[in-house]
1. Only one of (1) crowded, with 16+ Cβ neighbours inside 10 Å; (2) over 16 Å from the mean Cα position of the chain (by Cα); (3) closer than 19 Å to residue 23 by Cβ is not met by residue 86, so which one is it?
2. Under the condition of being assigned to a loop (DSSP other than H, G, I, E, B) and without any contact (Cβ under 8 Å) to a residue 60 or more places away in the chain, which residue from the stretch 95-118 is surrounded by the most Cβ atoms within 10 Å (Cβ to Cβ)?
3. For residue 87, which of the numbered conditions (1) without any contact (Cβ under 8 Å) to a residue 24 or more places away in the chain; (2) assigned to a helix (DSSP H, G or I) fails to hold?
4. Just name the residue that is surrounded by the fewest Cβ atoms within 10 Å (Cβ to Cβ) out of those in the stretch 22-75 that are among the basic types (Lys, Arg) and more than 27 Å from residue 10 (Cα to Cα).
5. Residues of the stretch 1-60 being acidic (Asp, Glu), under 23 Å from residue 157 (Cβ atoms) and touching a helix residue (DSSP H, G or I) at 6+ places or on another chain (Cβ under 9 Å), which ones?
Amino acid sequence: MSKYERPEYEVVLSEEPFELRKYKDFYIVEYDNENDPDIDSGFGTLFRYISKGNKQQKKISMTVPVIQELAGEQMKMAFVVPKEQWENIPEPTSPWLSVKKFDSGLFAVIQYGGTSNDSKEHEMIEKLAQWLDAKHYKPVSNYMLAFFNAPFTLPLLRHNEIMVRIDNDLSEED
């Protein structure tokens, strides 16, 4: 699907457009700036980081997805660190960036195409929430938007996802 590296996962259940995935640990560089709640400067700050804007002045390969976490009034944005960098992740120079481990776990995902916007994202979150409820899965994190394409990609060719960590107890009650 993509020429870019992405986090490793196993599909546990697939009911299009939904998937239940078991992700392995991976690392992210996260943009979190309370003075920028809509993350207007997030992508540019992360792009500078991978374009030698780090303390080691090392260029870092692009990966997918770019992840936006919806944390109430404050949004966060993250870049997935390529696996080849995990032993020596370049240190950010921006005070708004930090390296974090994204812990393994079970995630419910809804996939959709086209241009993503607030209205479509809310609609997809609602559909995912309804699917989770029907399956008796309990969300245990904020919802996250996952974008896989460059900004100039035609809407028809775009791939987006919304994901949420769910409780690892998969015992269904139905």
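1. (1) is the only condition that residue 86 fails.
2. Restricting attention to the stretch 95-118, the residues satisfying the condition of being assigned to a loop (DSSP other than H, G, I, E, B) are 95-96, 103-104, 114-117.
Subsequent filtering for residues that are without any contact (Cβ under 8 Å) to a residue 60 or more places away in the chain retains 95, 114-117.
On the way: 95: 7, 114: 13, 115: 12, 116: 20, 117: 9.
Step by step, filter the stretch 95-118, then rank; the result is 116.
3. Exception for residue 87: condition (2).
4. Pass one, the stretch 22-75, residues among the basic types (Lys, Arg): 22, 24, 48, 52, 55, 58-59.
When the remaining residues are screened for being more than 27 Å from residue 10 (Cα to Cα), the result is 48, 52, 55, 58-59.
Details: 48: 16, 52: 12, 55: 9, 58: 15, 59: 12.
Looking at residues that are among the basic types (Lys, Arg) and more than 27 Å from residue 10 (Cα to Cα), I get 55.
5. Start the filter on the stretch 1-60 by keeping residues that are acidic (Asp, Glu), which leaves 5, 8, 10, 15-16, 19, 25, 30, 32, 34, 36, 38, 40.
Pick out the ones that are also under 23 Å from residue 157 (Cβ atoms) and you get 5, 16, 19.
Matches in the stretch 1-60: 5 only.
Any read-out appearing in this document is the output of simple, stated calculations on the displayed coordinates, not a laboratory observation. Everything quoted here is computed from the prediction, not taken from an experiment. We place every Cβ from the backbone using ideal geometry, glycine too, and count neighbours over all the protein chains shown.
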